[in-house]
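Any read-out appearing in this document is the output of simple, stated calculations on the displayed coordinates, not a laboratory observation. None of the values given here were measured: they were computed from a predicted structure. Please note: Cβ atoms are built from the backbone with ideal geometry, for glycine as well, and neighbour counts cover all protein chains shown.
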Amino acid sequence: MFLRLVKTTIFSLLMAVSSAQAEEFTSGAKELFQEFSTCQTSVFEHISKNKENYSLLGKFKEIPSSGEWFNTKKINKDSSDEIYRFDKPIKIAGLTAVAVGYAFFKGDGNGYSDGDATYWGFYFSEPPKEVFIALRRHFPSVAAMVFLGDSYVNMKVLQRSGDKVYDQGSIIESNTSQSGAKSYFNCSVQYKILDENKAQESMSKEDESLLNELVKLEKSELSKLCFEDASKKSTADIHKAAMACSALGKK
């Protein structure tokens with residue numbers, strides 16, 4: 001009788017744990033977010049090939065980059081951001097995702113952040129700290145993020161891709177632009193067309209002076225200047241961000 005009671009208790013506990021785990025993730029959400037959290041644009045191709053696995057999450061469409069993402073659309077004519085709101089919020093690690101975003105900027109090829117840039121991500125009902133703590137238990141790339149100012153960041157500075165270099169990475173930041181949201185976990189890929197030698201040759205005295213001043217800043221200050229969302233900056237701010245990235249490379 002005692003052994004039967006123990007077995008019944010263990011079975012009940014296992015069922016409770018299994019149920020709790022199921023409630024943490026909407027079907028297909030864990031696999032999709034695992035792919036998303038790498039911040040590789042290959043996620044778009046992966047969705048196209050395995051869309052049936054994510055059919056419960058929402059509707060998808062083709063995007064300028066190869067592959068598919070959620071069926072986002074512009075909701076503000078003055079913004080390049082496209083938003084898709086879930087009919088029913090989805091659960092990711094117990095968090096509530098109310099919408100996803102996508103933005104593609106076509107650059108003119110004249111320097112940092114004037115190359116093509118792509119942003120995509122999830123809007124959560126919880127603030128950045130809660131999002132980070134919940135997700136880091138399941139996703140190694142989130143656990144590798146560092147706290148910077150009031151955001152969590154995981155960026156790779158100026159990687160090479162043929163004759164181009166680019167920044168690629170992720171950030172969890174406060175964002176209340178979408179109803180019911182408190183944070184936005186977004187990935188970005190921002191290309192810089194100019195190579196390093198050409199950039200150095202064409203650097204003005206003003207830029208040399210700015211670079212020398214920026215190098216004196218702490219690494220955390222430079223990282224913040226370098227990695228803040230370029231879509232929210234003025235032309236002057238974007239230029240300063242480029243110089244901050246260069247200064248960061250000298251640390």
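Descriptive notes on the structure:
- Interchain or long-range residues, amide H under 5 Å from V165's placed H: K192
- Pairs exceeding a 31 Å alpha-carbon distance, out of K106/K240; K106/K156; K51/K156; K91/K240; K129/K164; K164/K216: K91/K240; K129/K164.
- Sorting V189, V146 from the fewest to the most surrounding beta carbons within 10 angstrom yields V146, V189.
- Filtered trypsin sites (Lys or Arg not before Pro), the range 61-103: DSSP coil and at most 11 other beta carbons within 10 Å: K77
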